[in-house]
Structures are given as C-alpha cells and as structure tokens.
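The structure under discussion appears below in the form of structure tokens.
The values are calculated or read from the model by the stated rules, or taken from the named source; none is laboratory data. If you're wondering where the values come from, they're calculated on a predicted model, not measured in any experiment. Counting neighbours? That spans all protein chains shown, and the Cβs are built from the backbone with ideal geometry, glycine included. These accessible areas exclude ligands, DNA and RNA; they are computed on the full protein's heavy atoms, side chains included. Shrake-Rupley method; radii C 1.70, N 1.55, O 1.52, S 1.80 Å.
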Amino acid sequence: MYLHGTSKINAKGHLEIGGCDVTDLAKEFGTPLYIVDEALVRGRAQEFMSAFRQTGLRFQVAYASKAFCVMAMCRVAEEEGMSLDVVSDGELYTALKAGFPADRIHFHGNNKTPEEINMALDANIGCFVVDNFNELHLLNALAADKGKTVNVLLRITPGVEAHTHDYISTGQQDSKFGFDLGNGTAFRAVETTLGLANLNILGVHSHIGSQIFEVEGFRMAVEKVAAFAVEIREKLGRTFTVLNLGGGYGIRYVEGDKPLPLGVYVNAIADAVKSVCADANFPLPEVWIEPGRSIVGDAGTTLYTVGTSKDIPGVRKYIAVDGGMTDNPRPALYESKYEAVLANRANDSLEEVVSVAGKCCESGDMLIWDLNLPKVESGDLLAVFCTGAYNYAMASNYNRIRRPAVVFVKDGQADLVVARESYDNIVGNDLLPARLRKEPVSK
Ligand SMILES: *Cc1c(COP(=O)(O)O)cnc(C)c1O
C-alpha cells in the first residue's frame with residue numbers, strides 16, 4: 001500500500017491523514033468527502049519554490065488553480081508565495097474573493113469573453129496570457145477604453161509533443177491553443193502585439209501537456225521558446241523578459257507512475273534557459289512555471305461509504321460507493337487509474353478482487369477496476385487516493401447528486417473549506433414559470 005504525505009495507518013487499523021482518523025471525519029462530515037492533506041500541498045509548493053531559489057533565477061511559480069480552485073486553496077497558494085493562474089471569471093472571482101493579490105494573477109484561456117477581460121482589467125491583474133489574434137485586438141481595445149496598458153504573454157504552441165494521454169496534450173501543432181511557432185504565426189503575433197499601444201508584451205508562454213514524467217519535453221520547449229526570443233530580439237528589436245514554461249509535472253497515481261522530484265524539473269528548465277541565454281548572449285529572463293496537479297494531486301483523498309455489491313460468479317464482483325463520476329469524472333474521461341484502501345480496516349488481509357462502481361446511471365461510471373481489498377461489507381469506508389487535482393474542480397451535479405464537502409486536515413485538525421451541497425443548492429437556480437406552478441401541496 002502506497003501512502004502519500006502524512007497518510008498512515010493508525011493503531012486501530014484506520015487510515016489517518018493530517019493526524020485525523022478518517023472514520024471520525026466520515027462521522028463528522030459525512031461521505032463522500034474530499035480530504036486534503038494541507039501539509040503535503042504546502043510541501044509541494046515549497047519544493048518548487050526552494051528549487052527555484054537555488055537556481056538564482058528570478059521566477060514565479062503560478063499555481064494552476066483550475067486543478068482545484070476554492071478560496072482556502074487560494075489562501076494557501078498565497079501564503080506559500082505562489083502566483084495564480086485562472087482561466088475563467090469564476091476562478092478569477094474566487095481568487096479575488098479570497099484576497100489573492102491581483103498583481104500575481106495570470107489570466108489564461110482560449111476564449112476569454114469581453115466580460116471576463118473587463119473584470120480582470122478592473123481588478124488590475126498581473127498578466128494576460130493571450131491565446132489568439134481575436135483576443136489581442138479585443139484586449140487592446142478594452143484596455144484602451146479603460147486607459148490602461150496591460151502586461152501580456154503570448155501563448156505559443158512550440159510543437160513539442162509530451163508523452164501523455166492524447167486528450168491532455170497541448171504542445172503539438174494540431175491544438176486549439178496558442179499561436180503556432182513552426183508556421184510563423186507566433187512571429188506575426190508578436191509583431192501585431194508590438195503595434196498595439198495598450199499591450200505590453202513581457203514574453204511568451206508554452207504548456208506542453210500534463211502528467212509528464214520526463215524532463216526532455218521541457219528542455220525542448222525551452223530551446224524552442226528561447227530561440228524564438230532570440231529571433232524576436234534580432235528581427236524586431238524587442239527583448240522578452242519572461243519565459244513561461246507552463247505546468248504538467250507528473251504525479252504518482254498508481255504503481256508504475258514514476259514522477260521525478262519536482263526540483264529535477266525546475267533544474268532542467270533552469271539549466272536549459274541559462275545555457276541557451278549564455279550561448280545567445282541573451283539577458284536571463286524571469287522564468288515562470290504553472291504547476292497544478294503536482295501541487296494538489298496526491299494531497300487529495302476521497303472517502304466513500306460502500307453500499308451495495310453485485311457478484312457475477314466467474315465474471316466479476318462490483319461494489320458500489322456513494323459517489324462516482326460526479327465527484328471524479330477522470331476514469332470515465334481519461335481512463336485514469338486510482339489506488340484505494342478500505343479505510344476502516346486498512347490492516348485486514350486482502351481477500352477479494354472487486355471493481356468499484358459509482359452510483360450514477362451510466363455503465364461507464366466506474367472508479368476502479370480490479371482492486372484488491374479485504375472482504376468488503378456494506379458500510380465500509382473506501383479511500384481513493386490522489387484525488388486532489390481535477391476532481392472537485394470537475395465535479396458535476398449529474399443525476400442531481402450533491403457535490404461533496406471538502407476538508408483540509410493538518411496536525412489533527414479538520415477544517416471544512418467547502419460545505420456539502422444542500423438540496424436547496426440543487427434546486428436553487430430552478431424557476432417555475434407561473435403556467436407550470438402548482439398550488440402548494442402543504443402549508
Ligand atoms: C492545465 C494547465 C496547467 C496545469 O497543468 P498540470 O498538469 O495540472 O500541472 C498549466 N498551464 C496551463 C496553460 C494549463 O492549461
């Protein structure tokens with residue numbers, strides 16, 4: 001059994017995270033429950049920050065909030081000295097509401113609406129990562145309306161393909177994101193930007209994919225991006241001061257996933273930047289990165305209660321939990337794999353192989369296939385590991401299932417940071433036009 005961060009099995013044979021016995025958490029907060037190991041989140045942030053400090057480069061580590069964006073997480077990101085990426089008005093609103101410093105917020109996205117751009121302009125965010133020509137002109141016009149000049153990075157597609165799942169790789173040429181480097185579009189985009197009076201171009205951005213376990217792709221991206229910066233300096237006389245290498249640092253979900261220590265990615269990027277700049281006699285830029293999954297992914301655990309089971313002799317045994325694709329759509333979306341333990345009997349010997357089904361009306365609503373567990377009984381608690389990233393963030397109300405609560409645990413203390421949704425939340429935005437209304441059934 002692989003345990004992440006502060007997770008351990010206590011004397012009662014119960015899973016404990018952040019000094020909290022999860023069977024107590026289940027009693028106090030109910031299930032399903034997202035449990036976040038706050039010390040592990042902070043530790044991951046510190047790994048990136050201290051690795052960068054040792055490189056001597058100027059840097060920003062921007063937490064890609066889309067992985068898990070709630071106000072408490074924004075506070076932790078700020079306390080750890082990180083900047084913050086947002087990709088929508090909702091994420092921006094969350095960050096601002098949490099008091100995150102606007103000048104450390106970077107706004108991403110391939111289709112920012114005028115409303116979103118205006119909201120970000122009004123908040124005086126630090127930087128827009130511009131994705132396409134429409135946005136360049138729109139942003140310039142809206143900034144001009146407000147008499148502002150805004151910092152921009154241009155997102156470029158460097159043509160580096162990370163070894164990862166097709167659906168989450170974005171660095172290759174055929175991508176909905178960014179200005180293509182190889183065919184000259186990125187160059188034209190810089191020219192265009194330099195002609196727009198209300199935009200101040202700091203540099204370029206590239207994001208080559210997600211859940212990447214090797215440094216080679218990042219090195220190649222640095223080389224392409226830095227070579228581009230050199231070309232821009234030569235041909236357009238503009239010297240970029242920021243290179244943003246994006247996120248995508250892999251984590252261990254299951255046996256066989258071999259993530260590198262975070263400092264190894266940082267050093268590979270820093271070394272490549274230093275060497276290309278030295279060769280080209282280019283002033284060292286500030287280096288930005290944008291980890292999401294690697295900050296919060298392995299710090300999250302989802303706790304479920306086992307309900308029913310279905311044994312098909314000679315075929316398979318299903319057990320069903322009180323959540324599923326509504327709180328974790330990744331297995332259905334990406335065929336993602338997870339590990340899990342019986343959290344209330346974690347020391348019991350493994351006796352059966354079961355497949356874990358969710359409770360949604362979809363045959364595809366399966367969380368884990370072929371999991372070794374002790375003999376499972378209704379009422380047992382199942383803890384699924386590594387659910388900190390892209391789980392709560394991607395949760396839905398399919399089947400009108402209420403989204404679970406989220407607790408941060410640390411040093412034996414559990415703090416609710418997102419309440420479980422109520423039935424009123426479920427119907428809260430529903431409206432009944434007069435012609436569909438019924439007399440109240442009871443008073
Ligand atoms: C999703 C994304 C990230 C974060 O990716 P992780 O795999 O979670 O580290 C960073 N930058 C951009 C532009 C992204 O789209």
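Counting just the residues of the range 19-45 that are in contact with a strand residue (DSSP E or B) (Cβ under 6 Å, 6 or more places away or on another chain) and charged (D, E, K, R), which one comes out surrounded by the most Cβ atoms within 10 Å (Cβ to Cβ)? Among residues in the range 19-45 that are in contact with a strand residue (DSSP E or B) (Cβ under 6 Å, 6 or more places away or on another chain) and charged (D, E, K, R), the one surrounded by the most Cβ atoms within 10 Å (Cβ to Cβ) is ASP37.
The condition (being buried (at least 16 other Cβ atoms within 10 Å of the Cβ) and either under 20 Å from VAL152 (Cβ atoms) or in the same structural domain as VAL384 (by TED's automatic domain parsing) (or both)) is satisfied by just one residue among PHE59, PHE52: PHE59. Taken together, the residues in the range 30-58 that are over 11 Å from ALA343 (Cβ atoms) and touching a Pro at 6+ places or on another chain (Cβ under 9 Å) amount to 10.
Pairing each residue of the range 235-250 that is in contact (Cβ under 8 Å) with a residue 40 or more places away in the chain and of a type in the set (S, T, N, Q) with any residue that is part of a loop (DSSP other than H, G, I, E, B) and within 14 Å of the ligand (Cβ to nearest atom), provided the two are 6+ apart or on different chains, yields C-beta distances under 9 Å for ASN244/SER206; ASN244/HIS207; ASN244/GLU290.
Out of ALA383, ALA357, report the one residue that is among the small types (Gly, Ala, Ser) and touching a helix residue (DSSP H, G or I) at 6+ places or on another chain (Cβ under 8 Å).
Working: ALA357 fails: touching a helix residue (DSSP H, G or I) at 6+ places or on another chain (Cβ under 8 Å).
The conditions single out ALA383.
The lone criterion from (1) in contact with a strand residue (DSSP E or B) (Cβ under 7 Å, 6 or more places away or on another chain); (2) open to solvent by 60 Å² or more (accessible area, probe 1.4 Å); (3) hydrophobic (A, V, I, L, M, F, W, C); (4) touching a residue at least 60 places away in the same chain (Cβ under 8 Å) left unmet by MET394 is number (1). Residues that are in contact with a Ser or Thr (Cβ under 7 Å, 6 or more places away or on another chain) and polar (S, T, N, Q) within the range 205-243 comprise SER210, GLN211, listed in sequence order.
Any residue in the range 107-115 that is closer than 23 Å to PHE240 by Cα, more than 14 Å from the ligand (Cβ to nearest atom) and surrounded by fewer than 18 Cβ atoms within 10 Å (Cβ to Cβ)? Talk me through it step by step, then tell me what you get.
Of all residues in the range 107-115, those closer than 23 Å to PHE240 by Cα come to 107-110.
Of the ones still in play, those that are also more than 14 Å from the ligand (Cβ to nearest atom) are none.
No: the range 107-115 contains no residue that is closer than 23 Å to PHE240 by Cα, more than 14 Å from the ligand (Cβ to nearest atom) and surrounded by fewer than 18 Cβ atoms within 10 Å (Cβ to Cβ).
Assess whether TYR338 counts as being among the aromatic types (Phe, Trp, Tyr) and outside any strand (DSSP E or B). Here the answer is yes, as TYR338 does meet what is asked. Cβ separations smaller than 8 Å between residues 6+ apart or across chains give the following pairs from the range 208-227 residues that are more than 28 Å from GLU335 (Cα to Cα) and away from the ligand (no atom under 12 Å from the Cβ) to residues that are among the small types (Gly, Ala, Ser) and modelled with pLDDT under 95: LYS224/GLY159. Name the residues in the range 1-16 that are open to solvent by 50 Å² or more (accessible area, probe 1.4 Å) and outside any loop (DSSP other than H, G, I, E, B), would you? Scanning the range 1-16 gives a single hit, LYS8. Among the numbered criteria (1) among the hydroxyl-bearing types (Ser, Thr, Tyr); (2) within 14 Å of the ligand (Cβ to nearest atom); (3) modelled with pLDDT of 95 or more, which single criterion is violated by SER175? Of everything listed in (1) among the hydroxyl-bearing types (Ser, Thr, Tyr); (2) within 14 Å of the ligand (Cβ to nearest atom); (3) modelled with pLDDT of 95 or more, SER175 misses just condition (3). Of all the listed residues (ALA299, ALA268), the sole one being closer than 22 Å to LEU367 by Cα and either crowded, with 24+ Cβ neighbours inside 10 Å or within 16 Å of the ligand (Cβ to nearest atom) (or both) is ALA299.
For the range 359-389, taking the residues that are open to solvent by 90 Å² or more (accessible area, probe 1.4 Å) and assigned to a strand (DSSP E or B), the one that is farthest from the ligand (Cβ to nearest atom) is identified as ASP370.
Polar (S, T, N, Q), in contact (Cβ under 8 Å) with a residue 12 or more places away in the chain and touching a strand residue (DSSP E or B) at 6+ places or on another chain (Cβ under 9 Å) - does that describe any residue in the range 407-420? Within the range 407-420, one or more residues are polar (S, T, N, Q), in contact (Cβ under 8 Å) with a residue 12 or more places away in the chain and touching a strand residue (DSSP E or B) at 6+ places or on another chain (Cβ under 9 Å). Exactly one residue among ARG188, ARG155 is open to solvent by 20 Å² or more (accessible area, probe 1.4 Å), outside any loop (DSSP other than H, G, I, E, B) and within 12 Å of the ligand (Cβ to nearest atom), and that residue is ARG155.
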